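> Structure incoming, see below.
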Amino acid sequence: MLQGTLDMLVLRTLVLGPAHGQTIAHAIERGSQDVLQVEHGSLYPALHRLQNRGWIASFWGTSENNRKAKYYRLTPEGRKQLAAQKSRWEQLVRAISRIMSPPSEQKQ
């Protein structure tokens, strides 16, 4: 994944509501039709980073299989950050598309 992309995907996943780490990873994987694989070694540092920045908050709850689990939720600051990151991402995608498929090649 591109640098910073995981943070944006985690924030986007939490728009749907609070979730624990494993659920977040599965949601990203399912949403990408398994193109993106989220490793725990990347996910948990990202969750800690997002929490330290105030973009997500955590609380303890009980998982689907009746185990204690740490859940994460999006904060208002996280919603603002997600909107900013989404805008930058869309701008980046458009820029890369212009380079990869210039108008001169599309006519050929």
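> Only one of the values (i) 59, 28, 22; (ii) 53, 24, 22; (iii) 56, 45, 27 was calculated from this structure for Cα extents along the principal axes in Å; name its label.
Of the listed options (i) 59, 28, 22; (ii) 53, 24, 22; (iii) 56, 45, 27, (i) comes from this structure.
> Taking the mean number of other Cβ atoms within 10 Å as a proxy for protection, how do you rank 93-104, 73-84, 6-17 from highest to lowest?
Order by mean packing, descending: 6-17, 73-84, 93-104.
> A follow-up question, please. Can you grab the distance from the C-alpha centre of region 64-96 to the C-alpha centre of region 1-51, Å, no decimals?
When both Cα centres are located, 8 Å separates them.
> Any idea what the dipole of region 5-101 comes to, in debye rounded to 20, about its Cα centre with Lys/Arg Cβ at +1 and Asp/Glu Cβ at -1?
For this selection, approximately 320 debye.
> Taking 7 Å along the Cα-to-C-beta vector as the label spot, tell me the PHE59-VAL35 distance in nanometres, rounded to one decimal.
That separation, rounded to one decimal, is 3.5 nm.
> Quick one: helix 5-14 against the long Cα principal axis of the chain, what's the angle to the nearest 10°, folded into 0 to 90?
For 5-14 against the chain, the angle is about 50 degrees.
> Got a sec? Charge dipole of the chain, +1 on Cβ for Lys and Arg, -1 for Asp and Glu; which of LEU16, ALA69, ILE28 is way out at the positive end?
Among LEU16, ALA69, ILE28, the one farthest towards the positive end of the dipole of the chain is LEU16.
> Moving on to the next point. Against the longest alpha carbon principal axis of the chain, how many degrees, from 0 to 90 and to the nearest 10, is the axis of helix 21-31 turned?
The helix 21-31 is inclined about 30 degrees to the chain.
> While we're here: Collect residues whose amide H, placed 1.01 Å from N in the peptide plane, falls under 5 Å from the amide H of ILE56; neighbours closer than 5 in sequence don't count.
Here GLN51, THR75 satisfy the definition.
> Straight distance only, please: which aspartates and glutamates reach the Cα of LYS80 with their own Cα at less than 15 Å, same-chain residues fewer than 8 apart left out?
Filter leaves ASP7.
> Take the Cα pairs of region 15-72, get the Kirkwood Rh, then feed it into Stokes-Einstein at 37 °C and 0.692 mPa s and tell me D in µm²/s.
272
> In degrees, nearest 10, range 0 to 90: what is the angle between the Cα axis of helix 76-100 and the longest Cα principal axis of the chain?
Roughly 30 degrees between the two axes.
We did not get these values from a lab; they are worked out from the coordinates using the rules stated. What you are looking at is a predicted structure, and each value in this text was computed from that prediction instead of being measured. Using ideal geometry, Cβ is built from the backbone for each residue, glycine included, and neighbour counts are taken over all protein chains shown.
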